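Visitor: This is the structure, below, for whatever I ask next.
Bear in mind these aren't lab numbers, they're just calculated from the coordinates by the rules spelled out. All values reported here derive from a predicted model rather than from experimental measurement. Neighbour counts are summed over all protein chains in view; Cβ atoms, including those assigned to glycine, are modelled from backbone coordinates with ideal geometry.
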Amino acid sequence: MTGTDLIQVTDDGAVRVVRMNRPDKKNALTGAMYAAMADALAGAARNTGIRCIVFAGAPGAFCAGNDLQDFQRAAEDDEGLSEPILRFLHALAGSRKPLVAAVQGPAIGIGTTMLLHCDYVVAATDARFATPFVNLGLIPEAASSLLAPRLMGQRHAFALLVMGLPLDADHAKACGLVNSVIAGSEVDAAALAAAQKIASLPPEAVLATRLLMRGAPDEIMARIDEEADYFRVRLQSDEAKAAFKAFFERKK
Ligand code: COA
């Protein structure tokens with residue numbers, strides 16, 4: 001195993017598993033975690049032995065989104081999306097290896113928007129998807145403003161991205177966000193089996209077909225950067241600062 005304690009990277013034959021492992025914070029992602037995930041993707045890109053990548057979380061949570069304390073700090077320090085976040089988003093959009101995800105529990109913010117870059121998604125019956133960026137005074141990231149309407153259609157994407165309405169697992173499947181919904185205890189194994197199936201196929205044919213289906217990543221990369229410009233402005237907004245404060249004061 002490589003990576004950090006909070007991001008565990010394990011290679012199982014030709015499949016690389018990148019596991020978010022901060023269960024006490026529902027896998028909210030810190031800068032160091034984004035950096036480790038970007039490194040895992042960059043390492044996989046250089047390694048011809050790796051043919052597929054699986055993102056997994058903990059039983060209690062796939063990912064609660066960006067660490068809101070980090071966002072609070074960035075807002076105070078007049079910063080935008082950090083270098084590790086942008087490096088991860090570009091690595092995700094630029095990945096030439098197929099991406100699979102195993103989702104249990106909440107997948108919030110980047111926990112959902114990263115799935116728009118994945119090729120195959122297995123969800124547990126308790127999976128719950130939400131992108132409350134607007135509720136937080138922010139705007140969506142990870143090129144989700146481009147990819148969500150493309151994948152789900154404009155109306156489902158509006159309900160998700162603008163209205164912040166959560167999707168349960170069955171609804172996510174109906175919208176095309178996930179491939180299958182199964183018991184939580186079976187999710188990791190099913191995602192690994194799908195990844196192994198993909199890894200067993202002729203890799204050059206997989207690469208060419210995937211590229212034809214997705215198109216060149218330039219448009220997606222450009223949207224990531226365009227969203228990041230807006231995001232920086234929104235992070236400094238009174239709306240966002242009030243929302244971060246409210247989250248951390250909600251239990252008082
Ligand atoms: N950033 C920082 N800490 C977070 C977090 C986040 N995005 N999400 C959860 N946590 C922390 C909580 O503060 C709490 O810490 P504490 O035990 O020190 O108080 C811990 O993780 C557990 O969260 P809690 O809210 O108690 O668990 P829950 O099961 O009731 O709810 C969530 C889980 C994910 C639904 C809820 O935590 C949540 O809505 N988180 C914020 C999601 C979000 O808005 N993300 C940003 C999207 S852009």
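Visitor: If you place +1 on the Cβ of every Lys and Arg, -1 on the Cβ of every Asp and Glu, and leave all else neutral, what size is the dipole of the chain about its Cα centre, to the nearest 20 Debye?
Guide: Details: 26 positive and 29 negative charges, 102 e Å.
Magnitude of the dipole: close to 480 debye.
Visitor: Still on this structure: Going down the table (Lys97/Lys197; Lys25/Lys252; Lys26/Lys251; Lys26/Lys97), which pairs top 20 Å between alpha carbons?
Guide: Numbers: Lys97/Lys197 13 Å; Lys25/Lys252 17 Å; Lys26/Lys251 16 Å; Lys26/Lys97 27 Å.
Pairs exceeding 20 Å: Lys26/Lys97.
Visitor: Sticking with this one: Starting from one equal scatterer on each C-alpha and no solvent at all, send me the Debye-based log10 I(q)/I(0) for the range 181-220 at q = 0.14, 0.26 Å⁻¹, two decimals.
Guide: -0.49, -0.82
Visitor: Please compute the net charge surrounding Pro84, taking Lys and Arg as +1 and Asp and Glu as -1 over other residues with Cβ under 11 Å from its Cβ.
Guide: Working: positive: Arg87; negative: Asp39, Asp70, Glu83.
Residues near Pro84 contribute -2 overall.
Visitor: Report relative contact order for the range 7-185 in percent, whole number only (criteria: Cα-Cα under 8 Å, sequence separation at least 6).
Guide: Numbers: 365 pairs, mean separation 34.0, N = 179.
Once divided by the residue count of the range 7-185, the mean separation gives 19 percent.
Visitor: How big, in percent, is the set of alpha carbon pairs in the range 152-252 lying more than 25 Å apart? Intermediate results must be reported in sequence, preceding the final value.
Guide: Details: 2601 of 5050 pairs.
So the pairs more than 25 Å apart make up 52 percent of the total in the range 152-252.
Visitor: Cα axis of helix 218-235 to longest principal axis of the chain: angle in degrees, 0 to 90, nearest 10?
Guide: Around 20 degrees separate the two axes.
Visitor: Another question, if that's okay. Charges on Cβ only, +1 for Lys and Arg, -1 for Asp and Glu, centred on the Cα centroid of the range 7-185; of Asn27, Gly49, Ala172, which one is farthest towards the dipole's positive end?
Guide: It is Gly49.
Visitor: Moving on to the next point. Note the direction-averaged projected area, equal to a quarter of the hull surface, for the Cα convex hull of the range 202-249, in nm².
Guide: Numbers: hull surface 22.2 nm².
Mean projected area for the range 202-249: 5.6 nm², to one decimal.
Visitor: Arranged from highest to lowest average of other beta-carbon atoms within 10 Å per residue, in what order do the peptides 22-30, 107-115 appear?
Guide: Values: 22-30: 19.2, 107-115: 27.1.
My ranking of the peptides, most packed first, is 107-115, 22-30.
Visitor: What ratio of Cα Rg to 2.2 N^0.38 Å holds for the chain? Intermediate values should be presented prior to the final figure.
Guide: Working: Rg = 17.1 Å, N = 252, 2.2 N^0.38 = 18.0 Å.
Normalised by 2.2 N^0.38 Å, the Cα Rg of the chain equals 0.95.
Visitor: Take the alpha carbon atoms of the range 38-78, find their center, do the same for the range 171-217, and report the distance between the two centers in whole angstrom.
Guide: Rounded to whole Å, the Cα centres lie 18 Å apart.
Visitor: Using label points projected 7 Å from each Cα along Cα→Cβ, tell me how many nm separate Val233 and Ala174, to one decimal.
Guide: Label-label distance for Val233 and Ala174, simple model: 3.6 nm.
Visitor: May I ask you to list the trypsin sites (Lys or Arg not before Pro) in the range 45-104 that are in a DSSP loop and have at most 14 other Cβ atoms within 10 Å of their Cβ? List each step's numbers first, then the result.
Guide: Working: sites: Arg46, Arg51, Arg73, Arg87, Arg96; in loops: Arg51, Arg96.
Here the trypsin sites (Lys or Arg not before Pro) that fit, given the DSSP loop and packing criteria, are Arg96.
Visitor: Moving on. Taking the Cβ of Cys63 as the centre, find all other residues whose Cβ is under 12 Å away and add up their charges (Lys, Arg: +1; Asp, Glu: -1). Write down the numbers at each step before the final one.
Guide: Numbers: positive: Arg19, Arg22, Lys25, Lys26, Arg128; negative: Asp67.
Taking every Cβ under 12 Å from that of Cys63, the sum is +4.
Visitor: So what are the range 9-137's ellipsoid semi-axes, whole angstrom, largest first, if each one is the square root of 5 times an eigenvalue of the alpha-carbon gyration tensor?
Guide: Values: eigenvalues 110, 64, 30 Å².
The equivalent ellipsoid of the range 9-137 has semi-axes of 23, 18, 12 Å.
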